[in-house]
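Novice: Have a look at this one.
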């Protein structure tokens, strides 16, 4: 530890962090609560807690602890510091970039990071003077292109971060041949460059949903650690370089040819990759997508749409973005993976650039990309789960309203009394149809003949109860073998009608399957009297309240309507 400038402090901080991660992992497995572990490591979308979930996160925490050691220990006390002005300036820029990496990102920090990146590229160009001019120039052009385009907000030239990848590869190649940096430093930078491909790899090889977002989050955090380690070790080793370049690490006689080849590859990548996106290929039409969806709806054995085909069909049927409607499927999928990278990075200026250049609203990207982008799928799933929780909480509140209502106490013993457990909220009036009616109950115009203020209406084989469609109703159904005593106290409306049951089955429902009440025909076929009671349950505070609905049925003659409580 004495080899390094701040070795002891770095060892205490890194060791303490690793111990905290391991203890949090053990606590998570024992208690099924992983909040501290997720917070320490920055992993999102952990899902259920278990060894299979916790161990990868603990491994990430150990890597992060190693990264803290590499960053905080400072330069080695052995060897001589690089004395040139450019080398000192590069160390300052590298350390400043490290500090900003741990600072939250308001807009001014983003601008400062872009400015620092330009400075980093330029100073690297000057420091890597042992590499060929062609390679250094190609790296300079690619490196400056990215941040300058971001600052200028020129969407079509952003190329989804490709210039940054080119600069990183060329810079690492120059570092490896330079001799002032170790192989650990170079390979840390090379591994961090894989972050460019992570959204595509995760969306292809990991099932969609929250689990995919969890693994993507782990991979993203690990690659970010390696990127920070590359920055730190590059600065540290520049501050404690050996006297001479390591044997066999200099440019060598073939260095210029290799550099020229690397420069040519750089230009080819920058020029040909966007052009290759225009290669022709099959185009799935919106109609084909609609037919596939219809087949799946009516035939359970029809194959489901794959993730990529789901994305293609979402683009075709939604018409967004408009310029991609005639784009070949292969090119469209590549474009989608690039959008996934932008969505996953969640850089607000990048998303704003997509709105300006491609006409895509960032709010619509989750739905568009869910088929191929783990984070988008996780976002939709989380939103659906939140909506479901909100709905269940609302339903529970409505049930509590009904639970507070005093249960009806029959004045005589009923054949059967049923308190419907869940409040009903029919989208249509409750109706009972029986096929044995002399006239078709579906065409008897009973609904049209009913008055606006009717509570119940009937015709042979057809019964309608006009339950509220604006609020939930707490329902009790009672059947009797003789006429029950009249009850009007506490009810706002009490209406009784006659009803002839040709089939012996009087089951009220709203026609959509969301409300189904117990059978009112306790004695089979025959003539019944149906008595309906209604009152309003007032709400408290922000509660809207509900309706209390009591439906009685008993054998009896007569089709006349009696309004006991108008």
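Novice: Just order 14-27, 179-192 by mean Cβ neighbour count inside 10 Å, highest at the front, would you?
Specialist: The peptides rank, most packed first, as 179-192, 14-27.
Novice: Per the Kirkwood definition applied to all pairs of different Cα atoms, how many angstroms is the hydrodynamic radius of region 286-377?
Specialist: Kirkwood hydrodynamic radius for region 286-377: 13.7 Å.
Novice: What's the exposure ranking of 145, 474, 340, going from fewest to most Cβ atoms within 10 Å?
Specialist: 145, 474, 340
Novice: Quick one: which of 129-141, 317-329 comes out on top by average Cβ neighbours within 10 Å, and what's the full order, highest first?
Specialist: In descending order of packing, they fall as 129-141, 317-329.
Novice: Separate question: Given Cα positions, please report Rg to Rh for region 410-565, the hydrodynamic radius being the Kirkwood one.
Specialist: Using Cα coordinates only, the ratio equals 0.94.
Quick note: the coordinates plus some simple rules give every number you see, no bench work behind them. All values reported here derive from a predicted model rather than from experimental measurement. Neighbour counts are summed over all protein chains in view; Cβ atoms, including those assigned to glycine, are modelled from backbone coordinates with ideal geometry.
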